[in-house]
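Q: Structure below; questions to follow.
Since every read-out is calculated from the coordinates, none of them should be taken as a lab result. Given the structure is predicted, the values throughout are model-derived calculations rather than measurements. As a convention, Cβ positions derive from the backbone with ideal geometry for all residues, glycine included, and neighbour counts pool all protein chains shown.
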């Protein structure tokens with residue numbers, strides 16, 4: 001069966017510090033991968049998606065970036081965090097084998113102070 | 001651009017009641033529609049997926065329907081239990097190119113089932 005992991009689970013970072021969040025998927029190959037952010041009182045916002053290694057599409061211009069160095073690894077990064085980057089970050093995967101149903105990881109709670 | 005709306009934003013019912021959660025979307029050209037459950041501080045759990053060619057899907061006490069012509073989906077929960085308390089999200093999928101489908105989410109309905 002497929003499993004999706006995210007780490008860390010929680011993170012407190014000062015403004016201006018760098019960020020690296022990691023997501024890995026097990027039990028499938030060539031998945032589509034997604035990064036979402038859920039801010040308090042707001043809906044889920046799609047940040048990035050990837051259909052293959054090195055292929056990243058950005059949905060929202062911001063100071064965040066994403067990379068996919070391996071087939072089942074998706075990384076969200078920032079060089080300098082802003083207060084507005086605080087939120088709950090969720091990674092998800094989908095594939096043609098399951099009619100592109102999206103499956104989500106446990107999330108990372110980021111607080112920028 | 002797809003917009004998804006969920007009404008009501010919050011709902012409180014006594015245990016044992018049957019209930020319906022509503023979801024509406026503006027673009028009928030959706031590929032599929034998913035219903036999710038989110039517990040506080042947790043990720044999303046997929047409950048039901050309805051393909052655009054389907055009218056409904058059932059899983060246990062849950063039944064989801066899809067009416068593309070009216071831009072509506074409903075999630076029916078039978079014999080509600082306190083463990084059903086959570087936020088329920090619906091999301092419509094649209095093709096975004098290169099074999100990828102993007103979800104547009106509603107803001108959710110927070111359900112409280114009172115023992």
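Q: What are the principal axis extents of the Cα atoms in the stretch A:15-63, in Å, biggest first?
A: Dimensions of the stretch A:15-63 along the principal axes of its Cα atoms: 35, 26, 20 Å.
Q: Which translational diffusion coefficient, to the nearest whole µm²/s, is obtained for the stretch B:1-64 from the Stokes-Einstein equation, given a Kirkwood hydrodynamic radius over C-alpha pairs, 37 °C and 0.692 mPa s?
A: This corresponds to a translational diffusion coefficient of 240 µm²/s.
Q: Let me ask something else. Please report, to one decimal in angstroms, the Kirkwood hydrodynamic radius of the protein assembly as shown built from all distinct Cα-Cα pairs.
A: 18.2
Q: Using the alpha carbon gyration tensor of the stretch A:1-105, what are the three equivalent-ellipsoid semi-axes (square root of 5 times each eigenvalue), largest first, in whole Å?
A: 23, 14, 13
Q: A further question on this structure: Out of A:32, A:63, A:99, any idea which swings most in a Gaussian network model of chain A, alpha carbons joined below 10 Å?
A: Result: A:99 has the largest fluctuation of those listed.
Q: Based on Cα positions only, what radius of gyration and what Dmax would you give for the stretch A:74-113, in angstroms?
A: Cα radius of gyration and Dmax of the stretch A:74-113 are 13.5, 42 Å respectively.
Q: Using the Cα atoms of the stretch A:43-113, I'd like the radius of gyration and the largest Cα-Cα distance, Dmax, both in angstrom.
A: Final numbers for Rg and Dmax: 12.9, 42 Å.
Q: Give the average over all directions of the projected area of the C-alpha convex hull of chain B, one decimal, in nm².
A: Convex hull of Cα atoms, orientation-averaged projection: 7.1 nm².
Q: Go ahead and collect, in residue order, the members of the stretch A:81-113 whose backbone nitrogen is under 11 Å from a label point 7 Å along the Cα-Cβ direction of residue A:12.
A: A:111-113, by backbone N distance to the label point.
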